[in-house]
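Asks: Before we start, here is the structure in question, set down as structure tokens.
The values are calculated or read from the model by the stated rules, or taken from the named source; none is laboratory data. Computed from a predicted model, the values in this text were never measured in an experiment. Cβ placement follows ideal geometry from the backbone for every residue including glycine, while neighbour counts extend to all protein chains displayed. For accessibility, only protein heavy atoms count, side chains too; no ligands or nucleic acids. Shrake-Rupley method; radii C 1.70, N 1.55, O 1.52, S 1.80 Å.
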Amino acid sequence: DADASASAGAGAGAAESKCEAGGGGRGTAASKESNLDDLVYRLGNCPHDWLFPQMGAVIHHGGAGTVAAGLRAGKPTLVCPFFGDQHFWGQAIVSKGAGLRPCPIADLTVERLTAALTELQDPLLRERAKEIADSFASEDGASEAVSCFYRHLPLERMVCDVSLFAGSPTIAQFHCEECGLKLSAAAHSVIHRSGGKLGKHKVQKYRHACGWGPAPPQSLQAGLYQGVVGAGAQSLQAIGGLIYHPVASAYKKSQSSEGNVVVNTLKGAGSGVVHGGTEFVRKFKKAGTVMIQKPREGFSASTEGG
């Protein structure tokens, strides 16, 4: 019957490996089955790169590292996903011809497992898995990873705008909102520390080369939503700044060892009020811009797409 067939297939070498941190938690419940130890060989902590080459095929949850280990060993694979990207990796294996269609763990039955143990012996699957293993062995993964990293760096957003004209690009360290420029330390020193009106520009350290905000709206409704949320966030920051900057500046000045504490605190509070007021105006201007710009972007995207 099916149970006997499954037992015979499992007896060929089924293993439960607790390679991953915290693994084996489900083994406690499974051990309640009276005949489990007759079907499954329980293996303790064991590295994949030792275990998998000794297998005829592998059946696992489909984590990225386990998938890589199985393919590196050249083994046909069945993924039984239950979470996150495991479903993706299961489909990726199928698309490469190195395994069977994923079977979510909730759908795994004796019949499905029995059939998989047979299907995984298909010579075509074995051949394709071996080809993938050979490609793994012939590539320099570490160097390729570094190259990939550099290829995807947003270099145009990382360099000083002024240095581009000098023909020697350097990393941007500052950003001036009034000038709208990303600046290296040298360019910032020349432009903003020479006195005059430029010396009063608001310059901040430039930390973000990538935008991690929401994707541009693709419809008017999405644009309205992003506009309202964005404007609301800017408004809250503006109001919060009216409180935060005076308090923070007053506290900082009060810690000075020079002069009178009360006078220093009042001076700090005064400068904080000025700073907070400036930020208040700037943030509300930005809120208005976002409120207009986002719906416009959404409307433009929807008309172009339609």
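Asks: Scanning for something in contact (Cβ under 8 Å) with a residue 24 or more places away in the chain and polar (S, T, N, Q), does region 87-107 turn up at least one residue?
Replies: Checked against the condition, which is being in contact (Cβ under 8 Å) with a residue 24 or more places away in the chain and polar (S, T, N, Q), region 87-107 yields no hits at all.
Asks: Looking at region 225-248 only, could you name the residues that are under 14 Å from Ser271 (Cβ atoms) and hydrophobic (A, V, I, L, M, F, W, C)? Break it down stepwise before answering.
Replies: Looking only at region 225-248, we keep the residues that are under 14 Å from Ser271 (Cβ atoms), and these are 241-242, 244-248.
The answer is Leu242, Val247, Ala248.
Asks: State which residue pairs qualify: first residue part of a helix (DSSP H, G or I) and inside region 217-238, second residue of a type in the set (Asp, Glu) and open to solvent by less than 30 Å² (accessible area, probe 1.4 Å) in any location, beta carbons under 7 Å apart, and separation of 6 or more residues or different chains.
Replies: Note: pairs meeting the criteria are Ala238/Glu279.
Asks: Same structure again: Is it the case that some residue within region 288-295 is at positive phi and either in a loop (DSSP other than H, G, I, E, B) or surrounded by fewer than 18 Cβ atoms within 10 Å (Cβ to Cβ) (or both)?
Replies: Pass one, region 288-295, residues at positive phi: none.
Scanning region 288-295 turns up no residue that is at positive phi and either in a loop (DSSP other than H, G, I, E, B) or surrounded by fewer than 18 Cβ atoms within 10 Å (Cβ to Cβ) (or both).
Asks: Quick one: count up the residues across region 153-162 that are within 9 Å of Ala187 (Cβ to Cβ) and either open to solvent by less than 40 Å² (accessible area, probe 1.4 Å) or touching a Cys at 6+ places or on another chain (Cβ under 9 Å) (or both). Quick ask: steps written out before the conclusion?
Replies: As a first pass, look at region 153-162 and keep what is within 9 Å of Ala187 (Cβ to Cβ): 160-162.
Among the residues that remain, those that are also either open to solvent by less than 40 Å² (accessible area, probe 1.4 Å) or touching a Cys at 6+ places or on another chain (Cβ under 9 Å) (or both) are: 160-161.
Residues meeting the conditions: 2.
Asks: Of the conditions (1) farther than 20 Å from His60 by Cα; (2) assigned to a helix (DSSP H, G or I), Leu153 fails just one. Which one is it?
Replies: Condition not satisfied by Leu153: (2).
Asks: Restricting attention to region 240-266, which residues are assigned to a helix (DSSP H, G or I), out of contact with any Ser or Thr (no Cβ under 9 Å at 6 or more places or on another chain) and open to solvent by 90 Å² or more (accessible area, probe 1.4 Å)?
Replies: Ile243, Tyr244, Val247, Lys252, Leu266
Asks: Considering only helices (runs of 4 or more DSSP H) fully contained in region 30-130, which possess at least 1 residues that are open to solvent by less than 20 Å² (accessible area, probe 1.4 Å)?
Replies: Numbers: elements: 36-39, 48-51, 64-72, 86-95, 110-119.
Here the list reads 48-51, 64-72, 86-95, 110-119.
Asks: Could you tell me which numbered condition Val273 fails, if it satisfies all but one of (1) in contact (Cβ under 8 Å) with a residue 24 or more places away in the chain; (2) under 37 Å from the mean Cα position of the chain (by Cα)?
Replies: Answer for Val273: the failing condition is (2).
Asks: Return the only residue of Phe174, Phe165 being modelled with pLDDT of 80 or more, within 30 Å of the chain's Cα centre (by Cα) and either of a type in the set (A, V, I, L, M, F, W, C) or open to solvent by 30 Å² or more (accessible area, probe 1.4 Å) (or both).
Replies: On the way: Phe165 fails: within 30 Å of the chain's Cα centre (by Cα).
The conditions single out Phe174.
Asks: Now a separate question. Kindly indicate whether any position in region 225-237 is out of contact with any Lys or Arg (no Cβ under 9 Å at 6 or more places or on another chain), at negative phi and crowded, with 16+ Cβ neighbours inside 10 Å.
Replies: No, that holds for no residue.
Asks: On to the next question. Could you list, in sequence order, all residues of region 157-172 that are touching a helix residue (DSSP H, G or I) at 6+ places or on another chain (Cβ under 7 Å) and outside any loop (DSSP other than H, G, I, E, B)?
Replies: Taking region 157-172 first, the residues touching a helix residue (DSSP H, G or I) at 6+ places or on another chain (Cβ under 7 Å) are 160, 162-163, 169-170.
Val162, Ser163, listed by residue number.
Asks: Continuing with this model, one more query. Say whether the condition of being open to solvent by 80 Å² or more (accessible area, probe 1.4 Å), in contact with a helix residue (DSSP H, G or I) (Cβ under 8 Å, 6 or more places away or on another chain) and modelled with pLDDT of 85 or more is met by at least one residue in region 186-195.
Replies: Looking through region 186-195, none of the residues is open to solvent by 80 Å² or more (accessible area, probe 1.4 Å), in contact with a helix residue (DSSP H, G or I) (Cβ under 8 Å, 6 or more places away or on another chain) and modelled with pLDDT of 85 or more.
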